[in-house]
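Single-structure report; data block below.
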Amino acid sequence: MNSVGECSHVACLIRVPSEVVKQRAQVSPSSSTLQILSRILYHEGIQGLYRGYKSTVLREIPFSLVQFPLWESLKDLWSWKQGHVVDSWQSAVCGAFAGGFAAAVTTPLDVAKTKIMLAKAGSSNASGNVLAALGSIWRTQGLLGLFAGVVPRMAGISLGGFIFLGTYEKTRQLLL
C-alpha cells in the first residue's frame, strides 16, 4: 500500500493544479486558462491550486487498490479459462473492465473532490473536508448526487485502462 500511496501522492502534485484549473474552466467557459490561473493565484495564492489535494489522494488510493488487483485477477481467470497466458489485447480488455469498475466505486470520492475544488474560497467546502462534502452531497442530492457523472467517468477510465494496461502488457511481453 505504501508504494501505491506514495505514487499517487507524487502524481497528485502535478495533477491537482491542472485539475483545479480545468474544472474551473469548465464552469467558466468565457474565461481563458491564463485568466483562471491568474484569478486563483491572486485570490487564493498557490494553495488555491492545491485545493482538493487531500481529496484527490483519498480518491486515487482506493481507485488503485481496486483497479490493479482486479486487473490481475481478471487476467488470471481468462488465462486459466483458455489454458495459456492472455495476449496484450486480452489484458487491455481486462484493464478496461477493472478501470471502469474502480471508477464506478470511487465516483462518490470524485464528486466530493470536484465539489471541494469548485467551492468558493472561504466556504465550508473549500476547507477540503471530504466527509463533510460527502455528507452535504448526500443530504442535498442523495445517492444520485454521489454518483453524478458515473457513466462518463467509467467510459473515460475504461478507455484509459484499455490503452494504458494493454500497452503496458504488450511492452512487458516484448521486453521479457
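The values are calculated or read from the model by the stated rules, or taken from the named source; none is laboratory data. Everything quoted here is computed from the prediction, not taken from an experiment. Cβ placement follows ideal geometry from the backbone for every residue including glycine, while neighbour counts extend to all protein chains displayed. With ligands, DNA and RNA removed, areas are computed over all heavy atoms of the protein, side chains included. Shrake-Rupley method; radii C 1.70, N 1.55, O 1.52, S 1.80 Å.
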Considering every residue within the stretch 54-72, establish whether at least one is more than 24 Å from the chain's Cα centre (by Cα) and assigned to a helix (DSSP H, G or I). no
Residues of the stretch 83-116 being without any contact (Cβ under 8 Å) to a residue 40 or more places away in the chain and over 23 Å from Lys170 (Cα atoms), which ones? Pro108, Val111, Lys115
Any idea which of Ala103, Ala121 is touching a His at 6+ places or on another chain (Cβ under 9 Å) and either open to solvent by 40 Å² or more (accessible area, probe 1.4 Å) or within 26 Å of Leu70 (Cα to Cα) (or both)? Ala121
Trp80 vs. criteria touching a residue at least 60 places away in the same chain (Cβ under 8 Å), of a type in the set (Phe, Trp, Tyr) and assigned to a helix (DSSP H, G or I): no
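Restricting to the stretch 58-77, and then to whatever is of a type in the set (A, V, I, L, M) and touching a residue at least 60 places away in the same chain (Cβ under 8 Å), can you tell me which residue is surrounded by the fewest Cβ atoms within 10 Å (Cβ to Cβ)?
We begin by selecting, within the stretch 58-77, every residue of a type in the set (A, V, I, L, M); these are 58, 61, 65-66, 70, 74, 77.
From what's left, touching a residue at least 60 places away in the same chain (Cβ under 8 Å): 58, 61, 65.
Working: Leu58: 19, Ile61: 18, Leu65: 16.
Across the stretch 58-77, the extreme among qualifying residues is Leu65.
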Is it the case that Val57 is modelled with pLDDT of 95 or more, touching a helix residue (DSSP H, G or I) at 6+ places or on another chain (Cβ under 6 Å) and among the aliphatic types (A, V, I, L, M)? no
Answer with yes or no whether Val111 is of a type in the set (Val, Ile, Thr) and either surrounded by fewer than 19 Cβ atoms within 10 Å (Cβ to Cβ) or out of contact with any helix residue (DSSP H, G or I) (no Cβ under 7 Å at 6 or more places or on another chain) (or both). no
Select from the stretch 60-75 the residues that are β-branched (Val, Ile, Thr) and modelled with pLDDT of 95 or more and list them in ascending order. Val66
All but one of (1) touching a helix residue (DSSP H, G or I) at 6+ places or on another chain (Cβ under 7 Å); (2) open to solvent by 90 Å² or more (accessible area, probe 1.4 Å) hold for Leu144; which doesn't? (1)
If we ask which residues in the stretch 116-153 are at pLDDT 95 or above, of a type in the set (D, E, K, R) and within 24 Å of Tyr50 (Cα to Cα), their number turns out to be 1
Among the residues of the stretch 25-57, how many are open to solvent by less than 40 Å² (accessible area, probe 1.4 Å) and among the charged types (D, E, K, R)? 2
If only one of Ser158, Ser136 is surrounded by 13 or more Cβ atoms within 10 Å (Cβ to Cβ), touching a residue at least 40 places away in the same chain (Cβ under 8 Å), polar (S, T, N, Q) and in a helix (DSSP H, G or I), which one is it? Ser158
